[in-house]
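The next block holds one structure in the form of structure tokens; read it before the comments.
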2 protein chains.
Amino acid sequence: MVKMDDRKKKVLAAIIHDYIQTAEPVGSRTISRKYKLGVSPATIRNEMADLEELGLIEQPHTSAGRVPSDLGYRYYVDHLMEPEKLTPSEEELIKRSYEDKSQEIGKLIVRTGQLLSRLTNYTSMVMGPKRGRVAAIKHIQLVSMTPTKAMVIVVLDTGSVHHQLIDVAENITQADLDQVSKILNAKLSGLNMKRIKMTILSEIYLELAKYKSFMDAALELLQDHRGYDTEDKIYLVGVYNILNQPEFHNIEKLKTLLSLLEQEKLLHEILVDKQSEGLTVRIGVENSCDQIKDCTMVTATYQIDDQIIGSIGVLGPTRMEYAKVITIVDHMAKVLNKTLEEMKRWR
Amino acid sequence: MVKMDDRKKKVLAAIIHDYIQTAEPVGSRTISRKYKLGVSPATIRNEMADLEELGLIEQPHTSAGRVPSDLGYRYYVDHLMEPEKLTPSEEELIKRSYEDKSQEIGKLIVRTGQLLSRLTNYTSMVMGPKRGRVAAIKHIQLVSMTPTKAMVIVVLDTGSVHHQLIDVAENITQADLDQVSKILNAKLSGLNMKRIKMTILSEIYLELAKYKSFMDAALELLQDHRGYDTEDKIYLVGVYNILNQPEFHNIEKLKTLLSLLEQEKLLHEILVDKQSEGLTVRIGVENSCDQIKDCTMVTATYQIDDQIIGSIGVLGPTRMEYAKVITIVDHMAKVLNKTLEEMKRWR
DNA sequence: TCTTAGCACTCGATGCGGTAGAGTGCTAAC
DNA sequence: GTTAGCACTCTACCGCATCGAGTGCTAAGA
């Protein structure tokens, strides 16, 4: 049985570095010349044969150089890689992006996605925050728009605002609506969405019998839980960055990947696949989804009060700049968590 | 000088039909066999030579068949094409999509984009409604979120709702906020955004001197005109449909096009380029933008009270199914206009 | 005068053999 | 254990011949 020794590690690291840069199979000669291990190509070749036996590298065909296997990348990430530091300008950019504090949580997440994509040059995927608890109603307001239309506005304590137009009878005035708003607020304000059960609703019905005609529509908005959740929403930024990866210059591969990215359900599975707190790197076949078998996903969770409420991630080819991407994702998750912590008070 | 006669028209139409279907240059033999004009390939060849002289068709190289030129498509669209009727299932689909009446105008536009893309299998571009007039304030509401944060909500008479979190002093209560809301509503309700000038603002400042601390932030939201406009926002649907077009199996072309589609400003120019009321077809070089010189755009405007407030359109290769696409875009614009007319009352 | 069969011609696509070059594995010497 | 040397393998590339689709032209026929 072959064992990894120090030189093998160096050779593997060299192969991976070179391949990440060039996307071309790496030969023994290249390594000997570019990476000064102080040994001849022949020695490198022996080491390479061992590394291949270990399953860490592969040959596309005889007389081609070697290419890292998924397992090789895995070994690299786990044992060899030295995380790259952020450049001052990168740090600066991140800092500036989070400066504006009076943000809605959703916007924060979107901005994170944009940053991830911009810094890594890959595609970023971020998942909107899942409520650690169910959102509670802060305020309800009805506004008359035209004689027959009114706007229902619901403010949640998470800082999100929802609105919908409803039809109302011709003779309803803004005064009526104010009256209804008042009652709704008295009854519902502070309650979380799950606790708005039929009992309370029928109570309201009773009290507002004369407005029955439009209460149905108004309450429908309240009941529509899904409408309040950004939980399932996944934001993609920089999808077209994959066009810069030579491995996707093949239209068929491109189609497969892009059609995957259109399906939010699958994205969701990919993003939370085997998710545990902190940073996760899933390389090639480690992904459960077939369509990204030659991609790597670097994801991290973000949380509030130790409860995971969402994920951010970067999707790229297995030939990914691991040292850079991992640092960035990790750092962004930390910054995001810190920012969320500061915003926590009003959630 | 060669003149178009009936048979030339038939030959041109045949070439275009065949090319739209196959994306391959069309030969004289194919036309004679498939399109039963009752003449031999040799005759067709003579006609083709004439059509080429007229600039309506081109030869990629000697010994290849003919391909329609932009001019050829133009002639086809102007003189030869018979608009294709919508199938019952298509009509049904469109009808169902617009059934839900109590819609916000923005959602209506997005839905239109989705339909366009789905029905045509090309990329759709729709532009959000430009206000015929400046939006007016319908209602302002301040809601206390935490001891130090409040939500400003502004409802416009166009049916859009805007909100933003602001910082407030620790000792401000919801009652205070209600008081401020009341005054703001009294002063500003019904005014359009342009008319909120310094005079009115300073009046408010005077009256609400004791809340001065946070009025700045609240009024900033009111002043931020751009925030209220969806005018410049362009929705793209079905971008990946272009992958199905053989003309874009070339990565470089694809990159050029996709990078164009990422630039909203350019999109805006493309969509309203030489825009006049009604349906417009811009074929290949007729587009002012270089990057879509081998694309065709079919656009239509939508209006309220004879004022153009936006555009919808489809982007595809010049080898486009004109008869189908033109019918669909035209029909969708009409349906959209009709729906907007019905919604008009509350705008 | 218009149509068409026939034919020579053009040019891209395809396939094949040969070559160059990159890279390997193995062996034998250091 | 390392390395120089060498035979071997396989891809990429080039040139060449061939095939076939499609043309333009010409001359005969309607």
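Which ones in the stretch B:129-145 are within 19 Å of A:Ala150 (Cα to Cα) and either more than 31 Å from the chain's Cα centre (by Cα) or more than 7 Å from every other protein chain (Cβ to nearest Cβ) (or both)? Of everything in the stretch B:129-145, those that are within 19 Å of A:Ala150 (Cα to Cα) and either more than 31 Å from the chain's Cα centre (by Cα) or more than 7 Å from every other protein chain (Cβ to nearest Cβ) (or both) turn out to be B:Ala135, B:Ala136, B:Ile137, B:Ile140, B:Gln141, B:Leu142. Being open to solvent by 70 Å² or more (accessible area, probe 1.4 Å) and touching a strand residue (DSSP E or B) at 6+ places or on another chain (Cβ under 7 Å) holds for only one residue in B:Pro25, B:Pro68, B:Pro88, B:Pro60, and it is B:Pro60.
When you check A:Leu184 against the structure, is it under 22 Å from B:Thr146 (Cβ atoms), away from chain B (no Cβ under 13 Å) and buried (at least 22 other Cβ atoms within 10 Å of the Cβ), yes or no? Taking the combined requirement at face value, the residue satisfies it. B:Arg33 passes every criterion in (1) in contact with a strand residue (DSSP E or B) (Cβ under 6 Å, 6 or more places away or on another chain); (2) near DNA strand D (Cβ under 10 Å from one of its atoms) apart from (1). Residues of the stretch B:1-13 include none that is open to solvent by less than 80 Å² (accessible area, probe 1.4 Å) and within 10 Å of DNA strand D (Cβ to nearest atom). When A:Leu108 is tested against (1) closer than 29 Å to A:Leu261 by Cβ; (2) surrounded by fewer than 16 Cβ atoms within 10 Å (Cβ to Cβ); (3) within 12 Å of another protein chain (Cβ to nearest Cβ), exactly one condition is not met: (2).
If you go through the stretch A:232-254 and keep only what is open to solvent by less than 50 Å² (accessible area, probe 1.4 Å) and more than 14 Å from chain B (Cβ to nearest Cβ), you end up with just A:Ile234. B:Ile105 passes all but one of (1) touching a Lys or Arg at 6+ places or on another chain (Cβ under 9 Å); (2) within 16 Å of DNA strand D (Cβ to nearest atom); (3) of a type in the set (Val, Ile, Thr); which number fails? The one condition B:Ile105 does not meet is (2). A single member of A:Thr256, A:Thr296, A:Thr280, A:Thr318 is at pLDDT 90 or above and under 27 Å from A:Ile105 (Cα atoms), and it is A:Thr280. Which one of these is touching a residue at least 60 places away in the same chain (Cβ under 8 Å) and over 18 Å from the mean Cα position of the chain (by Cα): B:Glu252, B:Glu341, B:Glu247? The conditions single out B:Glu247.
Return yes when B:Val11 is within 21 Å of B:Leu54 (Cα to Cα) and within 14 Å of DNA strand C (Cβ to nearest atom) and no when it is not. Yes. Residue-level check: of (1) part of a strand (DSSP E or B); (2) open to solvent by 30 Å² or more (accessible area, probe 1.4 Å); (3) hydrophobic (A, V, I, L, M, F, W, C), B:Met151 misses just (2). Kindly establish whether A:Met125 is open to solvent by less than 20 Å² (accessible area, probe 1.4 Å), under 20 Å from the mean Cα position of the chain (by Cα) and not β-branched (Val, Ile, Thr). For A:Met125, the condition - open to solvent by less than 20 Å² (accessible area, probe 1.4 Å), under 20 Å from the mean Cα position of the chain (by Cα) and not β-branched (Val, Ile, Thr) - is met. If you go through the stretch B:28-57 and keep only what is acidic (Asp, Glu) and open to solvent by less than 30 Å² (accessible area, probe 1.4 Å), you end up with just B:Glu47. When B:Gly128, B:Gly113 are screened for being at pLDDT below 85 and not aliphatic (A, V, I, L, M), only B:Gly128 passes. Between a residue in the stretch A:51-77 that is more than 19 Å from A:Asp6 (Cβ to Cβ) and more than 13 Å from DNA strand C (Cβ to nearest atom) and any residue that is among the acidic types (Asp, Glu) and open to solvent by 40 Å² or more (accessible area, probe 1.4 Å), which pairs come within a Cβ distance under 6 Å, given they are 6 or more apart or on different chains? So the pair list comes out as A:Ser69/A:Glu58.
Checked against the criterion of being away from chain B (no Cβ under 14 Å), within 16 Å of DNA strand D (Cβ to nearest atom), farther than 23 Å from A:Ile326 by Cα and modelled with pLDDT of 95 or more, the candidates A:Gly38, A:Gly27 yield just one match: A:Gly27. Kindly indicate which of B:Thr148, B:Thr158 is without any contact (Cβ under 8 Å) to a residue 60 or more places away in the chain and either polar (S, T, N, Q) or within 14 Å of chain A (Cβ to nearest Cβ) (or both). So the residue among B:Thr148, B:Thr158 that is without any contact (Cβ under 8 Å) to a residue 60 or more places away in the chain and either polar (S, T, N, Q) or within 14 Å of chain A (Cβ to nearest Cβ) (or both) is B:Thr148. Of the residues contained in the stretch A:93-112, none is found to be of a type outside the set (Asp, Glu) and over 23 Å from A:Thr339 (Cα atoms).
The values are calculated or read from the model by the stated rules, or taken from the named source; none is laboratory data. Nothing here was measured: the structure is a model prediction, and the numbers come from that model. Positions of Cβ are generated from backbone atoms using ideal geometry, with glycine treated the same way; all protein chains shown enter the neighbour counts. Ligands, DNA and RNA are stripped out before the accessible areas are found, and what is left, the full protein with its side chains, is counted by its heavy atoms. Shrake-Rupley method; radii C 1.70, N 1.55, O 1.52, S 1.80 Å.
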